[in-house]
Ligand code: BG6
């Protein structure tokens, strides 16, 4: 798909409009991120932030709400009273029912003369079309208006296409910022530099030098209070379709010709389109669905998924997915790609492991350990890159032991590391689309995911139970073992 370049914003006043402005995402992520941007003088001088919601509040009531709820999500060590006051001055609240065209007059009135607008849709996608139509009707969309779409963008390909078609009636593709906050994480962006800013890995970054790739996004938390959303969604739609596939794209893509948004997104799209489609037999063999049962968490005992608030007692929703994927191209032919994500796992850990090929032949036949070279890219909770090499164990004999070349990014750089949402919001403000998903990428991801979801329906099996606080069902280890591999915590 060819799209025009990112819109280039000028130094005009900026009105940042948040639909769902008093909602969970706004409180936990968006307003804290905007405060940090304000604190570090990264917001354009004449920026006003308009939170929209149905609560019948005036501005003062909203400010009191922000004071009470949002400050808890800002590190107390960095908050400073003067800048906090300055931030509150930027805030406005408009009481608005997104479905009521008449309510938009108040919003239009709140806009600064001649401003550029960023509209953040942190609402259910079912409201997107109505919001866009009402914004257009109130003359709030022009060529410089940017719109940010929060996930979930659809529950399958057809619904994603519908959202894209509808929003596309009001905005050009170059004005649409589909956010995936994993693309805003420092280490994810750093992976592009690791791959394309260094020469040493590129010759090895391919079959047959790579034996397998593992991508894990493990969470220790359970579904919490989000069952209403999560039970109809599940781990495949909530995490794999977006975050894990985006990570895979960055690991697997060819070097783009530049950092131009379309140059990068063209390469990511090719990866998604090269994913080998799964048949029902593939789904049965190469995927594992799990659901946590009662167990442990770091705070003590943890309930099973079926005991969580608002989860139907017979729910078959998966809270864990492991699968083996293949990319049908020259670089990745015959390299199994293992993806895994789950809630209530042993720890919070997101990482990418590149396992290099086995030695063709070993002369260290007396060593109990054999050679394994791995590049380990840890996204969270710590941010580091480690290269596992083999070294000689001190003493007599020639025994091998793994050692790590360590790149600890948190100590290597003293600069502040912005949260993903802050970085991405600043990209929107500056009109930079590189780290946002293009329409065809989103749809290609669904095209690969849909047959897996369909396969699960056809197979009609209950998800496999795993105890909260573990690494998932035994079938997930078996999936790896079949390929003569193991998840990194099992080796
Ligand atoms: C969100 C999912 O997109 O990502 C949540 O909806 C998940 O279920 C969250 O908890 C994980 O994000 P992070 O940045 O904490 O790894």
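Values quoted throughout were computed directly from the atomic coordinates according to the rules given, and no laboratory measurement underlies them. Treat the numbers as computed from the prediction; the structure is a model and nothing was measured. With ideal geometry, Cβ positions are generated from the backbone for all residues, glycine too; neighbour counts draw on all protein chains shown.
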### Query
Hey, rough spin-label estimate for residue 225 and residue 483, points 7 angstrom out along Cα→Cβ, what's it come to in nanometres?
3.9 nm
### Query
In degrees from 0 to 90, rounded to the nearest 10, what is the angle of the helix 261-274 Cα long axis to the longest principal axis of the chain?
50 degrees
### Task
Take the alpha carbon gyration tensor of region 251-299, find the square roots of its eigenvalues, order them as a ≥ b ≥ c, and report rounded if a/c is under 1.5; if not, report prolate when a/b exceeds b/c, else oblate.
oblate
### Query
residue 403 label point, 7 Å along Cα→Cβ, cut-off 11 Å on backbone N: hits in region 360-393?
389-393
### Message
Using a Förster radius of 25 Å, what is the FRET efficiency between residue 307 and residue 71 based on their Cβ-Cβ separation? Nearest 0.05, please.
### Response
0.15
#### Entry: residue 112 versus residue 124: modelled label distance in nm, points set 7 Å from Cα along the beta carbon direction
3.5 nm
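Quote to one decimal, in nm, the extra length available between residue 276 and residue 63 on full extension: 0.36 nm per residue of separation minus the C-alpha distance between them. Let's see the in-between values first.
Details: separation 213, 0.36 × 213 = 76.68 nm, distance 5.08 nm.
Result: 71.6 nm gained on full extension.
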### Message
Quick check: the angle from helix 128-137's long axis to the longest principal axis of the chain, C-alpha only, nearest 10 degrees?
### Response
30 degrees
### Summary
Measuring from the longest principal axis of the C-alpha atoms of the chain, the long axis of helix 439-459 (C-alpha) lies at a number of degrees, nearest 10, equal to 60 degrees
### Contour excess over end-to-end distance, with Cα ends at residue 392 and residue 475 and 0.36 nm allotted per residue
26.4 nm
### Task
Could you work out the relative contact order of the chain, using alpha carbon pairs under 8 angstrom and six or more residues apart, expressed as a whole percent?
19 percent
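What percent antiparallel are the DSSP beta bridges of the chain, to the nearest 5? Walk me through the numbers on the way to the answer.
Details: 43 of 78 bridges.
Rounded to the nearest five, the antiparallel share is 55 percent.
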### Message
Give me the base-10 log of I(q)/I(0) for region 41-134 at each q in 0.10, 0.19, 0.23 Å⁻¹, Debye formula, one uniform scatterer per Cα, rounded to two decimals.
### Response
-0.32, -1.07, -1.35
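Could you tell me the calculated FRET efficiency between residue 41 and residue 285, based on Cβ-Cβ distance and R0 = 60 angstrom, to the nearest 0.05?
About 0.65, to the nearest 0.05.
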### Query
Roughly what % of DSSP beta bridges within region 206-347 run antiparallel, to the nearest 5?
70 percent
### Query
Roughly speaking, what is the stretch gain from residue 362 to residue 158, that is 0.36 nm per residue apart minus the C-alpha to C-alpha distance, in nm to one decimal?
68.2 nm
## Note on the structure
Mean Cβ-within-10 Å packing, highest first, puts peptides 437-443, 25-31, 51-57 in the order 437-443, 25-31, 51-57
### Query
Given q = 0.09 Å⁻¹, what are the Debye log10 I(q)/I(0) values for the chain, with equal point scatterers placed on the Cα positions and solvent ignored?
-0.67
### Distance in nm between pseudo-label sites at residue 347 and residue 144 (7 Å out along the Cβ direction from Cα)
4.9 nm
### Query
Mean separation of Cα pairs under 8 Å and 6+ residues apart, divided by the residue count of region 283-369: what relative contact order is that in percent?
23 percent
### Query
What order, most packed first, do the peptides 158-166, 119-127 have when packing is the mean number of other Cβ atoms within 10 Å of each residue?
119-127, 158-166
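I need the calculated FRET efficiency for the pair residue 82 and residue 413, taking r as the beta carbon distance and R₀ as 41 Å, to the nearest 0.05.
Working: r = 27 Å, r/R0 = 0.66.
The value I calculate is 0.90.
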### Task
Compute the relative contact order of region 65-163 as a whole-number percentage, counting only Cα pairs closer than 8 Å that sit 6 or more residues apart in sequence.
25 percent
### Query
So what is the diffusion coefficient of region 271-345 in µm² per second by Stokes-Einstein at 10 °C and 1.306 mPa s, using a Kirkwood Rh over Cα pairs?
109 µm²/s
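Assuming a ≥ b ≥ c are the square roots of the Cα gyration tensor eigenvalues, decide whether region 360-467 counts as rounded (a/c under 1.5), prolate (otherwise, with a/b larger than b/c) or oblate. List each step's numbers first, then the result.
Numbers: a/c = 2.88, a/b = 1.38, b/c = 2.08.
Oblate, because a/c is 1.5 or more while a/b does not exceed b/c.
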